[in-house]
Structure formats: structure tokens, C-alpha cells
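To keep things clear, I will list the structure first and then write my remarks on it.
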Amino acid sequence: MGTILVKCAVTDFTIQWLLWAVASILQTEKFFDLAGSGTFCILTYLSYRWNGTSYLRQKIQSVLVTVWSLRLGLFLFLRVLKEGRDRRFNKVRNNPKQFFVYWTLQGVWIFITLLPTLILNTQEKDQPLCVLDYTGWIIWILGFATETVADQQKWNFKSDPENVGKFIQTGVWAYSRHPNYLGEMLQWTGLFISASTVMKGVDYVSMLSPVFLWYLLTHVSGIPTLEKQAMTRWGHDPAYLEYVKNTPTLWPFKF
């Protein structure tokens, strides 16, 4: 298992650094997210093939990761093509050294997030499907549906000329200010739960995957950044302040 994980890590960063070189030459970030999601597909497939096993749990897990990566990667790629740029890279696309940091961090994000699936795909022994598998897959389906609907609703909202300069507060966005991130978190949590059915000992370090993702999106580069941008843009608007007051940041209900 260890050898395959090392090979996956090397493949991961090799892809990111090669594409960083291309992106630096072209001074573009347009395929950054597509490259990230594509790497998820590649590592999932390679870990499955290199181990030589073909258990049902591995197949389902690999398909779910592939579906997620293709859907999100294509969506983000089409979005950046439509908008013409990604504001995250305004100060770095022309700075190769800083751009390199972004591509490297993407490699770290990919490997940590995908770790439960990589560990699952490198298991030599299988276990019968159990309630944890079905629970994990149900959570994944719920997360996938939430993220997909949220992304499409926001895409439709922003595509309407009448909504220029406005913020979305309809559909699933009426129940959560960041439903797409909630869906993302649910998906990777579900995949860890399913993969955990065959884990033992040090394998459980892959719990870092959902924990890392939750922390990243709620404390680092996800929600805090968007909340700050939104407050700067609409903080003077009473309607937005009312929306913030009455709409949960993430969960559509209180515990």
C-alpha cells in the first residue's frame, strides 16, 4: 500500500508542477480547477489499477469520485471561460513563484482529500458491504445533489442580466449562504465513512481528509473569503444584511 501511495503523491505533484510551467508561460489560470479535478480522476484510476484488486466497494468509491470530479471540474472550467478570469489569481498569474505556490497547494489539497479513497483502493483484503458503506454513500448522494443544485441555481441567477450586481437568496441559497460548500463537505465525509469499513491502524489517518476540507472551507479560503467579499460589496444594502441575519452560514438548520 505504501508504495502505491508514494507513487500517487509523486504523480500528483508532477502533474501540478508540469501544468504550472505551462500556465506560467501562458499566464493563465483558466485550466487550474480543471487540472485539479482531472488529477483526482487520474489518481483514483491509477490507485485502483496499480493494486490489481477489483472489489465492489472500490468500484463504487472510484465511480463516485470520478462523477464528482468530472461534474465540478467541467462546471468550474466553463465558469472561468464565461467570466474570463478567476479573481483568486489577479495578483499571482504573472508571478511564477507565487503561482507555483498555488499549484503546489492544489497538489496537497488533492492528496489529502483523496487519501481515504487511495487507501481503500490499495487494500488487499475486502469486507462485506455494511451499514457504514450505505450510510456513506447516502451522505455522498445528498452532498452531490446539494452542490449540483446550488451551483446550477447560482449559474442561472448570474446569467440573467436583470440580476447584475445582485446577490442570490433564492432556491437552496434561501436556506444556507454557502450550500455548495455544504455539499462538498458532505460528499467527502461520506466517502471517508464508506472507506473506513476496511481501515485499520494507521489507515485512520485519512480522517484528515474530511477534517482538512471542513477546516479549509470554513476557516481559510472558502467561506471567510467569500463572506468578506460579499460584505464589502453589499454591506450597505439592508436586504443583504437581513439575508445574513436570517440565513445560516452553512447548515440550513440549527443543532
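At-a-glance table
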read-out	value
Candidate lysines for bridging to Lys125, where Cα separation is under 27 Å - those fewer than 8 sequence places away on the same chain excluded	Lys7, Lys59, Lys200
FRET efficiency estimate (nearest 0.05) - Cβ-Cβ, Thr225 to Val63, R0 35 angstrom	0.65
Linear extension gain, Lys91 paired with Leu56, 0.36 nm per residue minus alpha-carbon span	8.0 nm
Carbon plus sulfur fraction of accessible area for the stretch 1-146, probe 1.4 Å, in percent	70
Solvent exposure of the stretch 111-238 as accessible area per residue, Å², 1.4 Å probe	50
Sorted largest first, extent of the stretch 1-129 alpha carbons per principal axis (Å)	50, 28, 17
Lys7 paired with Thr232, simple spin-label distance in nm, labels 7 Å along Cα-to-beta-carbon	4.6
Overall Cα dimensions of the stretch 137-205 - principal axes, largest extent first, Å	55, 19, 18
For the stretch 18-70, alpha-carbon Rg relative to the globular expectation (2.2 N^0.38 Å, N residues)	1.42
For the stretch 169-177, 3J(HN,Hα) per residue [Karplus equation, 6.51 cos²θ - 1.76 cosθ + 1.60, θ = phi - 60°, Hz, x = Gly/Pro]	9, 10, x, 5, 6, 7, 10, 8, 7
Cβ-derived FRET efficiency at R0 25 Å, Leu241 paired with Leu70, nearest 0.05	0.05
Over the chain: helical MRE at 222 nm, DSSP H runs n ≥ 4 each giving -39500 (n - 2.57), nearest 500	-23500 deg cm²/dmol
Per residue Cα convex hull volume in Å³ - calculated over the stretch 102-158	96
Centre separation in Å (Cα based) which lies between the stretch 168-199 and the stretch 205-220	12
Helical segments meeting 27 Å axial Cα length and Kyte-Doolittle 0.5 threshold in the chain (DSSP H)	2-26, 56-83, 96-121
Rounded D (µm²/s) - the chain, Kirkwood Rh over Cα pairs, Stokes-Einstein at 20 °C, 1.002 mPa s	110
Percentage, to the nearest whole number, of Cα pairs in the stretch 179-255 over 15 Å apart	65
Unit charges on C-beta of K, R, D, E only; dipole of the stretch 1-130, Debye	360
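The values are calculated or read from the model by the stated rules, or taken from the named source; none is laboratory data. Note that the structure is predicted; figures quoted are calculated from it, not measured. Methodologically, a virtual Cβ is constructed for each residue, glycine included, from the backbone with ideal geometry; neighbour enumeration extends over all protein chains shown. Heads up: the accessible areas ignore ligands, DNA and RNA and are worked out on the full protein's heavy atoms, side chains in. Shrake-Rupley method; radii C 1.70, N 1.55, O 1.52, S 1.80 Å.
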